[in-house]
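Enquirer: This is the structure, below, for whatever I ask next.
The values are calculated or read from the model by the stated rules, or taken from the named source; none is laboratory data. Bear in mind that the values here come from a model prediction, so they are computed numbers and not experimental data. For neighbour counting, all protein chains shown are included, and Cβ atoms are generated from backbone atoms with ideal geometry for every residue, glycine included. Accessible surface areas use protein heavy atoms only, side chains included; no ligands, DNA or RNA. Shrake-Rupley method; radii C 1.70, N 1.55, O 1.52, S 1.80 Å.
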Amino acid sequence: MMNRSGMVNIIRTRIRTDPFKNNYDLVGKELGRGKFAVVKKCVEKTTGKEHAAKFLRKRRKGQDCRGDVVHEIAVLESAEANPYVVALHEVYETPFEIILVLECAAGGEIFNQCVADNDEAFTEKDVIRLARQILMGVACLHRNNVVHLDLKPQNVLLTSAQPLGDIRIVDFGLSRRVDSTTEVREILGTPEYVAPEILNYEPISTATDMWSIGVLTYVMLTGESPFQGEEKQETFLNISQVNVDYSQDVFEGISDLAVDFIRSLLVKNPRKRATAEQCLNHPWLISEIHHTVDAPLDEQEASQSESEPESPVPSPELVMPLYLTCPGQGELKTGRDTFSFSESFPSRTEIQQELIC
Ligand code: ADP
Ligand code: MG
């Protein structure tokens, strides 16, 4: 039986039961899909505004999963003031589904640029800007005791791809609330991004997300997945041994500071791993702050309200200490290869047997 701790079941969003199609037109093709959800672009009839509708089945594998969806809604609500978490607009319910009407992140998954050829791939400078945004978003979640637990390039989207926009973190389906009173131990995540403590069935903490950010940064910079093996078990072995290639072959043309940054995250002991706040102060992310802006800082500050009309807040990389404040948070604030204990993940003893030999 799965450990259900860390789930939140109180929401303030009114769940609508009138037909979604009365208020929205579906347009274009699918935006994406995961294990249990299909996401489609839609237009709100009254406003003409585009949104992303995430259709979630309430029953999965014969089990009632409405509670999981309610938890996802609760976490999105709690992150309402976090500019790097996708905004939740409305929720609809039908006998079989719950539909989350989300802000549309039109630039798609950062995954696409991670695996793109050279001319479309991220530059180190892009990665520095995007990594800072991911960290500001995640620092804010962590301050509110929320861990995402499925940070990977398919769950980090862009407001626009070209020109490269801002990031939006999506998919809180596996997220958990962690605090000092409840201990969450669960086996879930996505093989390539999962932290060693998950494989060992040790407690989950905010550090678990930091491991995934290390993997994510590695992939964004190099286009390679550091732990991926031929088979899942090989991937798990690479993770538990922290078998990472930092050689010049992989990191050609990438700064030593970037490598040092990743090294501070891919650390087996979760207590020794850098936190989101510490990462934001890492020299790699600080180094570019004054170089990434084209105009002098005062000019940028003066004009930023016009220059970034799409952003709900002034671009934080120009206003340095913004990440230190997490505006107006309440008390609380399945991806493609996602697995959970009850699904495809081998039992704990099986993994350990595999890992020992
Ligand atoms: P799942 O829990 O099934 O993995 P996600 O929330 O990750 O569901 O959504 C699946 C995919 O749909 C994402 O990887 C992304 O490609 C796309 N998607 C999700 N939310 C949005 C959004 N708000 N805007 C645009 N695309 C989205
Ligand atoms: Mg997903």
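Enquirer: For E224 and T13 in one chain, what is 0.36 nm times their gap in residues minus the Cα-Cα distance, to one decimal in nm?
Expert: Between E224 and T13, full extension yields 72.0 nm more.
Enquirer: Shifting gears a bit: Using 0.36 nm per residue, how much length does the chain from D256 to Q241 gain when fully extended, once their Cα-Cα distance is taken away?
Expert: Length gained, D256 through Q241: 3.1 nm.
Enquirer: Could you give the nm distance between label points at Q233 and D119, where each point is 7 Å from its Cα heading toward the beta carbon?
Expert: Between Q233 and D119, the label points sit 4.4 nm apart.
Enquirer: Let me ask something else about it. Read phi for every residue in the stretch 110-125 and hand back ³J(HN,Hα) as whole Hz from Karplus 6.51 cos²θ - 1.76 cosθ + 1.60, θ = phi - 60°, with x for Gly and Pro.
Expert: Working through the residues one at a time gives 5, 3, 4, 7, 5, 9, 6, 5, 3, 6, 9, 6, 5, 8, 4, 4 Hz.
Enquirer: Starting from the amide H of R16, placed 1.01 Å from N in the peptide plane, find each other amide H under 5 Å away whose residue is 5 or more places distant or on another chain.
Expert: Excluding prolines and chain starts, which carry no amide H, the hits are V91, Y92, E93.
Enquirer: Students sometimes get this wrong: rank H89, H142, H71 by accessible area, probe 1.4 Å, all chains present, largest first.
Expert: The ordering from most to least exposed comes out as H89, H142, H71.
Enquirer: Which cross-chain or sequence-distant (5 or more) residues have an amide H under 5 Å from the amide H of L102, H modelled 1.01 Å from N in plane?
Expert: Placed amide hydrogens put A52, A53, K54, H89 under 5 Å from L102.
Enquirer: I've got another one for you. Measuring from label point to label point, each 7 Å out along Cα→Cβ, what is the V38 to R60 span in nm?
Expert: 1.7 nm
Enquirer: Now a separate question. Rule-of-thumb check for the stretch 12-116: C-alpha Rg over 2.2 N^0.38 Å?
Expert: 1.09
Enquirer: Moving on to the next point. Using each residue's phi in the stretch 244-257, evaluate 6.51 cos²θ - 1.76 cosθ + 1.60 at θ = phi - 60° and report the 3J(HN,Hα) Karplus result to the nearest Hz, with x for Gly and Pro.
Expert: Per residue, the Karplus-derived 3J(HN,Hα) values read 10, 8, 9, 5, 4, 4, 7, 9, 4, x, 10, 5, 5, 5 Hz.
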